[in-house]
């Protein structure tokens, strides 16, 4: 009798393990599809409506199967940011898509508070919605707190500082300038920041930061010569 109960227990455990393994495997397949779309859109900066809908459907499947994985939530948020990009001329749709992305990012921070990029992604959404409020500054502070030397954080905060130069009372100038310096010192972010500074007409400021901090690699760049 005891032997039979033990066997039934083993069978039950095996069925549970197989169920969850299959569930997470299918969630991962949906994630891989969405991630491939995101990489393609990032490279081409072009989103086809049919691809976007396929990605959104895969997001729904992915989260239905494994909706408590922070990375999946971030990927879902990025997909909705691309939906906003595709509908930038439709004010209501644009705001709605960014709002959905924000909700996914917020859920992600609840599960993985120490991940700095999620915080800076939320600051970017607030910037896109022209909501430079207390939440916006809180997100930036959290990003810097958890990723003070993460080049992606340094770059994104620098870009926000340049975009809203002179209009960020909640972000001390010295903090923004320090982020710009760190971005210039990093080989992975230097060119991106210099090109962005040129596009928003803040190149002189960034090159001055490079000169004051003797960032030779930036000073040798053709944009600072």
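None of the figures in this text is laboratory data; all of them are computed from the coordinates on show. This one's a predicted model, so the numbers in the text were calculated from it and none came from an experiment. Cβ coordinates were reconstructed from backbone atoms using ideal geometry, including for glycine residues, and neighbour counts include every protein chain displayed.
Points to keep in mind about this one:
- Applying 1/(1 + (r/R0)^6) with R0 = 25 Å to the Cβ-Cβ distance of residue 219 and residue 45 gives a FRET efficiency near 0.25.
- Evaluating kT/(6 pi eta Rh) at 25 °C and 0.890 mPa s, with the Kirkwood radius of the stretch 122-225 over Cα pairs in the Stokes-Einstein relation, gives 181 µm² s⁻¹.
- Using C-alpha pairs below 8 Å separated by at least 6 residues, the relative contact order for the chain is 11 percent.
- Where only DSSP H runs of four or more residues are counted, the chain gives -26000 deg cm²/dmol as its mean residue ellipticity at 222 nm, each run worth -39500 (n - 2.57).
- Stokes-Einstein diffusion of the chain at 25 °C, 0.890 mPa s viscosity, Kirkwood radius from Cα pairs, rounded to a whole number: 125 µm²/s.
- Shape call, the stretch 73-142: gyration tensor on alpha carbons, a/c limit 1.5: oblate
- Label point distance in nm, residue 164-residue 212, each placed 7 Å from Cα along Cα→Cβ: 2.1
- Once the Cβ-Cβ distance of residue 29 and residue 174 is raised to the sixth power relative to R0 = 45 Å, the FRET efficiency obtained is 0.45.
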